[in-house]
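Note sheet for the following structure.
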Amino acid sequence: MSTPLPRTILVVGAGGREHALVRALAAAPSHPRVYCAPGNAGIAADATCFNVPADDIPALEALALRERAEFVVVGPETPLTLGLVDRLAAAGIPAFGPKADGARLEASKIFSKELLIRRGIPTAGAAIFTESGPALAHVRAGPLPVVIKADGLAAGKGVVVAQTRAEAEGTVVDMLVNGRFGDAGRSILVEECLQGEETSLLVVVSGRSFIVLPTAQDHKRVGDGDTGPNTGGMGAYSPAEVVTPALLEQVEREIVRPSVEAIADEGIDFRGILFIGLMLTAAGPRVLEYNTRFGDPETQAILPRLSTDLLTLLWAAAKGELDNFRLEVRPQPAICVVISARGYPGEFPKRDPIAFPDHLPPGVSILHAGTARDGQGRVVSAGGRVLNVVASGSSLREAADKAYATCARVDYPAKYYRSDIGGRALKRT
């Protein structure tokens with residue numbers, strides 16, 4: 001690589017994804033100094049944290065300048081959408097993450113859908129509505145189930161898979177009439193409901209160059225057997241065995257490369273993660289959505305499988321030096337089990353003190369997602385998704401056994417986790 005690696009790195013965000021990024025970047029052979037804003041109780045043990053909110057763009061820019069950050073890695077979607085990378089670029093600070101024009105691929109589902117359809121990239125059919133009357137007529141006449149999406153960012157809650165006509169009508173009214181999601185729901189997409197198995201790809205993109213990271217499969221619903229409401233993700237495993245080498249080649253040819261080319265043709269200099277949500281249908285893979293940041297919790301299961309230094313990879317993408325980059329991947333599977341607060345994604349308790357195991361077995365780590373310290377200095381729960389238990393093993397079964405044995409040893413009053421992360425893959429092996 002022609003450009004020297006940065007010595008000081010700022011990671012923006014406060015969840016399990018950011019804890020995974022902090023640890024991976026701090027482990028770089030070049031031994032960089034790693035900071036985080038705002039971080040959490042666990043991240044604070046691995047990096048210096050600053051209490052600057054991830055959506056306070058001027059304060060983040062000021063922090064990066066004050067601490068002489070030579071590289072900023074942005075975790076969540078909100079600061080990307082608000083133009084943090086644009087501000088950093090104007091200040092001369094390289095960053096990994098798209099500028100606001102690229103972040104629009106996640107911030108506007110309508111923008112993404114129109115791009116997919118215009119470029120002939122396989123995706124679900126959809127109609128766009130800004131008024132409730134036409135939208136209600138559409139869902140009353142169309143097939144069920146039907147997918148209804150708020151156009152903008154809605155904290156992971158803006159997508160409803162309506163199973164009944166009443167649910168579909170209620171969702172339309174909730175978004176377009178009652179303003180449940182504010183500006184994010186002023187326009188909606190009504191999509192056909194694709195059937196199949198869901199998976200995702202994380203793609204490191206730098207202009208027209210890209211590298212596909214190891215495959216992963218998330219578990220969105222809160223309950224065992226994929227029951228209950230959707231969440232931000234209750235766990236993930238890598239590799240996703242449903243993505244065979246032949247299927248991956250097809251997805252790269254029909255979806256990944258056309259997507260990267262389409263984005264570049266829009267005049268967007270995209271340097272970050274293109275997260276492609278996929279449905280593997282009987283007719284072939286289809287794009288469910290684009291996100292423009294590392295997936296959470298997919299990242300936690302993917303990073304342990306990289307032999308390649310993460311800093312070198314992200315820096316190459318940010319500097320436009322991704323051509324001919326070689327990614328090395330470990331064959332050992334990895335799994336991430338999310339420990340949440342009981343009641344999530346609805347109402348849940350906070351400020352529960354957490355007791356951790358004294359020792360962790362080899363290949364196991366605990367990442368903090370929603371934690372803080374109370375007045376007594378104890379680590380307490382501070383969010384719906386509280387901890388991530390990540391484990392690697394010679395097989396997915398070994399990794400899962402180690403992860404669940406560790407989950408059982410973490411103790412706090414409202415602890416809850418699914419018992420079947422990776423279960424479908426384990427049944428098929």
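Could you grab me the full set of residues in region 353-382 that are part of a loop (DSSP other than H, G, I, E, B) and surrounded by 19 or more Cβ atoms within 10 Å (Cβ to Cβ)? Of everything in region 353-382, those that are part of a loop (DSSP other than H, G, I, E, B) and surrounded by 19 or more Cβ atoms within 10 Å (Cβ to Cβ) turn out to be 354, 369, 370, 382. Being farther than 29 Å from residue 426 by Cβ and either of a type in the set (Lys, Arg) or in contact with a helix residue (DSSP H, G or I) (Cβ under 8 Å, 6 or more places away or on another chain) (or both) holds for only one residue in 360, 311, 367, 327, and it is 311.
Taking region 387-429 as the search range and keeping residues that are basic (Lys, Arg) and at pLDDT 95 or above, which one is nearest to residue 225 (Cα to Cα)? Spell out the reasoning first.
Here is the first cut: in region 387-429, the ones basic (Lys, Arg) are 397, 402, 409, 415, 418, 424, 427-428.
Right, trim to at pLDDT 95 or above and you get 397, 402, 409, 415, 418.
Values: 397: 18, 402: 21, 409: 23, 415: 19, 418: 9 Å.
Once the filter is applied, the top-ranked residue is 418.
For region 228-250, what are the residues that are surrounded by fewer than 20 Cβ atoms within 10 Å (Cβ to Cβ), out of contact with any helix residue (DSSP H, G or I) (no Cβ under 7 Å at 6 or more places or on another chain) and outside any strand (DSSP E or B)? The answer is 242, 244, 245, 246, 247, 248, 249, 250. Candidates are the residues of region 45-61 that are more than 19 Å from the chain's Cα centre (by Cα) and without any contact (Cβ under 8 Å) to a residue 24 or more places away in the chain; the one that is nearest to residue 6 (Cα to Cα) is 48.
Among the residues here, residue 238 does not qualify as touching a residue at least 40 places away in the same chain (Cβ under 8 Å) and within 25 Å of residue 99 (Cα to Cα). Of the residues that make up region 406-428, is at least one of a type in the set (S, T, N, Q) and without any contact (Cβ under 8 Å) to a residue 40 or more places away in the chain? Among the residues of region 406-428, not one is of a type in the set (S, T, N, Q) and without any contact (Cβ under 8 Å) to a residue 40 or more places away in the chain, which makes the answer no. Residues that are of a type in the set (S, T, N, Q) and at pLDDT 95 or above do occur in region 222-241. Elements of the type strands (runs of 3 or more DSSP E) sitting completely within region 131-227 and holding at least 1 residues that are in contact with a helix residue (DSSP H, G or I) (Cβ under 8 Å, 6 or more places away or on another chain) and buried (at least 17 other Cβ atoms within 10 Å of the Cβ): these cover 146-150, 159-162, 188-192, 197-206, 209-212. Just one of the listed residues (26, 20) is farther than 16 Å from residue 68 by Cα and surrounded by fewer than 24 Cβ atoms within 10 Å (Cβ to Cβ), and it is 26. Filtering region 292-307 to residues that are within 15 Å of residue 203 (Cα to Cα), surrounded by fewer than 20 Cβ atoms within 10 Å (Cβ to Cβ) and of a type in the set (S, T, N, Q) leaves nothing.
Restricting region 108-127 to residues that are among the aliphatic types (A, V, I, L, M) and in contact (Cβ under 8 Å) with a residue 60 or more places away in the chain, the residue that is farthest from residue 276 (Cα to Cα) is 127. Taking only pairs six or more apart or across chains, which ones have beta-carbon atoms under 6 Å, a first residue in region 11-27 that is closer than 7 Å to residue 75 by Cβ, and a second residue that is of a type in the set (Ser, Thr, Tyr) and assigned to a helix (DSSP H, G or I)? Cβ pairs passing all conditions: 17/299.
Screening residue 263 with (1) in contact with a Phe, Trp or Tyr (Cβ under 6 Å, 6 or more places away or on another chain); (2) among the β-branched types (Val, Ile, Thr); (3) assigned to a loop (DSSP other than H, G, I, E, B) gives one miss only, at (3). If you go through region 163-216 and keep only what is more than 14 Å from residue 144 (Cα to Cα) and among the basic types (Lys, Arg), you end up with 180, 186, 208.
The values are calculated or read from the model by the stated rules, or taken from the named source; none is laboratory data. What you are looking at is a predicted structure, and each value in this text was computed from that prediction instead of being measured. Neighbour counts are summed over all protein chains in view; Cβ atoms, including those assigned to glycine, are modelled from backbone coordinates with ideal geometry.
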